[in-house]
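Heads up, the thing below is written out as structure tokens.
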Amino acid sequence: MTAHVALAVAIAALSTGQGKQLYGQYCISCHGANGEGVAQARTIGGAPQRIQEQQSARGPSLRGVGALAADFYLRTGYMPLHRIGDQPRRSRVLFSDLEIRDLVAYIASLGSGPAIPRPQPQLGNLAEGLHLFTDHCAGCHQVVAQGGVVTGALPPALDDATDVQIAEAVRIGPYVMPKFSETAITNTQLNSIVRYVDWIKHPDNRGGWAIGDIGPVPEGLVTWFLAAALLVALCVVVGKRLKRA
Amino acid sequence: MIRRAVRYLDTRTGTTPIVRKTLRYLFPDHWSFLLGEIALYAFIVLVATGIYLTFFFVDSTREVVYHGPYVPLQGQHMSEAYRSVLNISMTVRAGLLIRQTHHWAANVFIAAIILHLFRVFFTGAYRKPRGLIYVIGVTMLMLTLLEAYLGYSLVDDLLSGMGLVIGYSVGLSIPFVGANVMSWLFHGPFPGQSTLWPRMYIAHVLIFPVLIGTLLTVHVLLVAMRHHTQFRQTATETERTVRGVPAYPGQAPRSIGLMFATAGVLFLLGGLVQINPIWLWGPFHTYVSTNGAQPDWYLGWLIGALRLVPSFDLVIGKYTLVPNPFWGGVAFPLVVFGFLYLWPAIERKITGDTAFHNLVERPRDNPLRTALGIGIVTWVLLVFIAGSSDRVYVWLNVSYTSQIDIYRVLVFVIPLLAAAIAHRVCEELVAGEKVERDERAAEAEARLART
């Protein structure tokens with residue numbers, strides 16, 4: 001761990017200059033001149049078990065959020081936020097890989113924070129992952145990670161989340177998502193969760209065409225617009241033949 | 001050969017007159033009269049596949065640890081019931097095919113009943129002397145909804161467990177008796193005692209199927225005794241003539257064909273299209289839930305109603321008389337089914353028409369009924385669509401609360417509008433026919449004058 005921090009600091013020293021410039025261009029309006037944040041308290045919705053009340057409508061302080069948060073928010077395209085007050089959404093990433101590294105280094109240099117995690121899903125256990133995901137995440141992200149609705153936010157489907165981003169999200173708790181400490185979810189457990197989320201992108205679809213993996217709504221559509229339509233058409237055909245008989 | 005067999009039967013049972021009468025039964029030849037048959041055949045598929053499933057299903061919520069071949073669930077605690085359905089889906093030969101076919105058949109069964117009901121309602125086929133047939137039909141629809149809900153709940157996966165929680169809270173919300181009835185059914189508070197699953201199971205595989213099967217038999221026998229209705233085919237046709245296609249050689253072979261076709265469609269779906277992949281949902285525990293849980297389509301209208309009713313309880317003093325789920329979960333279906341049951345009597349009152357009717361009307365011939373029916377169908381349909389507003393939010397990004405607000409207005413406005421439009425369309429169609437008829441008469445006259 002310390003080695004990572006040391007590395008991050010070393011890189012930071014080299015590239016903070018470029019990073020600071022980009023920051024001034026894209027981020028300063030919301031996060032303040034030196035990442036101290038722009039306060040403007042406001043209430044947003046919460047999750048089922050948890051109401052998150054005060055959150056800055058402009059931008060929170062970035063001091064101490066570390067490379068971890070910066071990397072997550074930039075590589076998902078969550079930042080720069082398009083409109084104040086919106087939920088950050090996955091969108092086109094504005095910066096090149098190099099620029100992201102510079103920005104991350106700059107933000108990491110603002111205070112001591114966690115480094116970018118390196119999850120190792122191959123060490124995780126799929127069954128444990130499903131179990132933990134159902135316990136901690138399915139209430140928001142839906143059990144096969146197809147996304148859902150909570151008051152005030154849309155927990156996204158996790159189809160596009162990379163291994164690193166999953167680990168980062170769990171540690172950050174972006175927007176209304178709770179933040180999970182290393183005692184709540186250990187790094188070993190996190191490996192299992194990442195393994196599960198990876199697996200569920202291509203789940204075990206025995207039984208045929210999966211129609212979206214979210215169950216009853218598309219099943220109802222198939223019932224009416226495929227099965228019932230077909231059977232009514234059959235009735236019409238048979239009815240015609242009856243007329244001729 | 002056939003003749004020998006027939007003679008063998010006849011000399012021992014004397015059934016020839018009955019058989020002969022059956023074979024000469026005249027069927028109406030319009031396609032819409034076949035919708036009920038689809039329901040019948042789906043029911044047969046349900047019973048057949050259901051029997052196979054009973055060989056492997058275990059009706060117990062005893063907690064066990066899964067050690068089967070499905071890796072993502074290995075080592076997980078689950079009920080024996082859920083494990084047995086996992087085994088049906090994973091290891092039992094043809095288990096998944098049969099399970100999926102059973103579920104598709106249930107979905108299609110209810111769809112077919114409703115289409116059949118539309119035919120009966122919009123043509124006035126429920127009028128005297130077929131009132132009892134109609135009442136039995138509506139009752140079967142209600143029983144079928146309960147039966148399907150039971151079957152869905154038995155699996156004890158995450159989604160069905162959440163469905164059971166909702167059902168439980170709706171049951172609790174019934175004023176005065178709800179709490180007692182639910183604690184009697186569940187043998188205590190949710191999630192109930194170990195007796196609950198055997199109870200649900202016996203209801204699902206014996207009580208309800210036998211009830212539905214018996215009513216179905218009576219329903220069909222009564223249709224045969226009162227004879228089918230039919231559309232008027234010539235202007236001079238009276239309520240007393242019976243026209244149509246004889247059972248043999250006209251109708252029966254085609255009906256049998258329709259049966260195989262229905263079974264074919266259902267088994268194809270069962271084999272090719274996934275339904276309720278319970279291994280992905282995982283087992284139910286009272287402390288877990290998933291976002292985006294939805295019921296099967298035929299209960300969607302109730303979820304929609306639960307969502308649309310503003311959150312309020314009827315409170316008197318310290319006593320909550322009517323908890324909120326009552327309105328959407330009990331009152332709404334009561335209104336819909338109440339309407340279905342009472343409509344024939346109401347119609348008789350309004351029109352004063354108490355005569356026997358063997359000829360059915362086309363929807364356009366009775367604009368009032370058609371408009372009313374369209375209005376109610378639209379109403380239920382909108383409530384139903386509102387039930388999927390969380391998915392619509394995810395797919396189309398229209399905020400959930402604003403959708404609900406919009407629906408709260410739409411469910412009152414759109415049905416009225418739809419009814420008005422339907423009324424107008426009926427009138428226009430009839431007027432158009434009259435014009436056509438007059439034109440034809442004039443032409444005929446002109447032709448006559450020329451010769």
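What average count of beta carbons from other chains do you get within 10 Å of the Cβ of residues in B:397-403? The partial results should precede the final answer.
Details: counts 2, 0, 3, 5, 3, 0, 0.
The shielding value for this peptide is 2.
Please give the direction-averaged projected area of the C-alpha convex hull for region A:117-203, in square nanometres with one decimal.
On the way: hull surface 19.6 nm².
Averaged projected hull area, Cα only: 4.9 nm².
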| message | Could you tell me which residue out of B:THR91, B:ALA42, B:HIS67 lies farthest along the dipole of region B:1-103 toward its positive end? Charges go on the beta carbon: Lys and Arg +1, Asp and Glu -1, centred on the Cα centre. | response | B:ALA42
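Relative to 2.2 N^0.38 Å, what does the C-alpha radius of gyration of region B:367-451 come to as a ratio? Two decimals please. Mind dumping the intermediate values first?
Numbers: Rg = 22.2 Å, N = 85, 2.2 N^0.38 = 11.9 Å.
For region B:367-451, the normalised Cα radius of gyration is 1.86.
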| What net charge do the residues around A:LEU22 carry, taking every other residue with its C-beta under 9 Å from that of A:LEU22, with Lys and Arg at +1 and Asp and Glu at -1? | -1
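Which value, in debye to the nearest 20, describes the size of the charge dipole of region A:55-101 about its Cα centre when Lys and Arg Cβ atoms bear +1, Asp and Glu Cβ atoms bear -1, and nothing else is charged? Intermediate results must be reported in sequence, preceding the final value.
Values: 8 positive and 4 negative charges, 28 e Å.
Roughly 140 debye for region A:55-101.
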| task | Starting from one equal scatterer on each C-alpha and no solvent at all, send me the Debye-based log10 I(q)/I(0) for chain B at q = 0.06, 0.11 Å⁻¹, two decimals. | result | -0.34, -1.05
| task | Calculate the spin-label point distance for B:ALA444 paired with B:VAL65, positioning each point 7 Å from the Cα along the beta-carbon direction, and give it in nanometres. | result | 8.6 nm
| message | I need the calculated FRET efficiency for the pair A:THR186 and A:LEU226, taking r as the beta carbon distance and R₀ as 60 Å, to the nearest 0.05. | response | 0.85
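Give, as a single signed number, the net charge of other residues whose beta carbon lies under 15 Å from the beta carbon of B:LYS349, with Lys and Arg counted +1 and Asp and Glu -1. Intermediate values should be presented prior to the final figure.
Details: positive: B:ARG127, B:LYS128, B:ARG348, B:ARG369; negative: B:GLU347, B:ASP353.
With Lys, Arg at +1 and Asp, Glu at -1, the neighbours total +2.
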| If you keep only loop residues by DSSP, which trypsin sites (Lys or Arg not before Pro) in region B:1-102 have at most 14 other Cβ atoms within 10 Å of their Cβ? | B:ARG62, B:ARG93
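With an 8 Å cut-off on Cα pairs and a minimum separation of 6 or more residues, tell me the relative contact order of chain A in percent.
Numbers: 349 pairs, mean separation 46.5, N = 245.
Rounded, it is 19 percent for chain A.
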| remark: Computed for chain B: size of charge dipole around the Cα centre, +1 on C-beta of each Lys and Arg, -1 on C-beta of each Asp and Glu, debye to nearest 20, value 1500 debye
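Please go through region B:158-194 and write out the chymotrypsin sites (Phe, Trp or Tyr not before Pro) that DSSP classes as loop and that have at most 11 other C-beta atoms within 10 Å.
Working: sites: B:TYR168, B:PHE176, B:TRP184, B:PHE186; in loops: B:PHE176, B:PHE186.
When the chymotrypsin sites (Phe, Trp or Tyr not before Pro) of region B:158-194 are filtered for loop state and at most 11 Cβ neighbours within 10 Å, B:PHE176 remain.
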| In terms of modelled amide H atoms, which long-range or inter-chain residues lie less than 5 Å from the amide H of A:GLY59? | A:VAL38
| Relative contact order computed over region A:117-203 (Cα-Cα under 8 Å; 6+ residues apart), in percent | 46 percent
| request: Between A:LEU103, A:LEU231, A:LEU94, find the one with the highest GNM mean-square fluctuation for chain A; connect C-alpha pairs within less than 10 Å. | output: A:LEU231
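Region B:33-125: which chymotrypsin sites (Phe, Trp or Tyr not before Pro) are DSSP loop and have at most 14 other beta-carbon atoms within 10 angstrom? Each step should come with its number before you reach the end.
Details: sites: B:PHE33, B:TYR41, B:PHE43, B:TYR52, B:PHE55, B:PHE56, B:PHE57, B:TYR66, B:TYR70, B:TYR82, B:TRP104, B:PHE109, B:PHE118, B:PHE121, B:PHE122; in loops: B:PHE55, B:PHE56, B:PHE57, B:TYR66, B:TYR70.
Answer in residue order: B:PHE55.
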| Å³ per residue enclosed by the Cα convex hull of chain A | 167 Å³
| field | At q = 0.09 Å⁻¹, base-10 log of I(q)/I(0) for the protein assembly as shown (Debye sum, equal scatterers on each alpha carbon) | value | -0.92
| B:GLU427 paired with B:ARG226, simple spin-label distance in nm, labels 7 Å along Cα-to-beta-carbon | 3.2 nm
| Per-residue ³J(HN,Hα) for region B:348-356, Karplus 6.51 cos²θ - 1.76 cosθ + 1.60, θ = phi - 60°, Hz, x for Gly and Pro | 4, 4, 5, 8, x, 8, 10, 6, 6
| Alpha-carbon centroids, region B:198-245 and region A:169-245: separation in whole Å | 37 Å
| query | Just from the alpha-carbon atoms, what are the Rg and Dmax of region B:14-81 in angstroms? | reply | 23.2, 65
| Karplus-derived 3J(HN,Hα), 6.51/-1.76/1.60, for each residue of region B:264-280, Hz, glycine and proline x | x, 4, 5, 5, 4, 4, x, x, 10, 10, 5, 9, 6, x, 5, 5, 7
| query | For region B:9-28 and region B:418-451, what is the separation of their Cα centres, given in Å? | reply | 45 Å
| query | Peptide B:283-290: average number of partner chain Cβ atoms within 10 Å per residue? | reply | 4
| task | Using the Cα centre as the reference, give the magnitude of the dipole from point charges on the C-beta atoms of the protein assembly as shown (Lys, Arg: +1; Asp, Glu: -1; all else neutral), rounded to the nearest 20 debye. | result | 2460 debye
| note | Expressed as a whole-number percentage, the relative contact order of region B:2-361 with C-alpha contacts under 8 angstrom and at least six residues apart is 28 percent
| field | Per-residue HN-Hα couplings for region B:6-22 [Karplus 6.51, -1.76, 1.60; θ = phi - 60°; Hz; x = Gly/Pro] | value | 5, 5, 4, 5, 5, 5, 9, 10, x, 8, 3, x, 5, 4, 4, 4, 4
| query | How much net charge surrounds B:VAL120 when only the other residues with a Cβ under 14 Å from the Cβ of B:VAL120 are counted, with Lys and Arg +1 and Asp and Glu -1? | reply | +4
| Across peptide A:149-162, how many C-beta atoms of other chains are within 10 Å of each residue C-beta, on average? | 2
| Check B:PHE27: other-chain or 5+ apart residues with amide H under 5 Å from its amide H, H built from backbone geometry? | B:VAL245, B:ALA247
| remark: If each part is reduced to its alpha-carbon centroid, region B:268-347 and region A:90-153 end up apart, in Å, by 35 Å
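Quick note: the coordinates plus some simple rules give every number you see, no bench work behind them. The shown structure was predicted, so the numbers you read here are calculated from the model rather than taken from an experiment. Glycine gets a Cβ as well: all are built from the backbone with ideal geometry, and neighbour counts include every protein chain shown.
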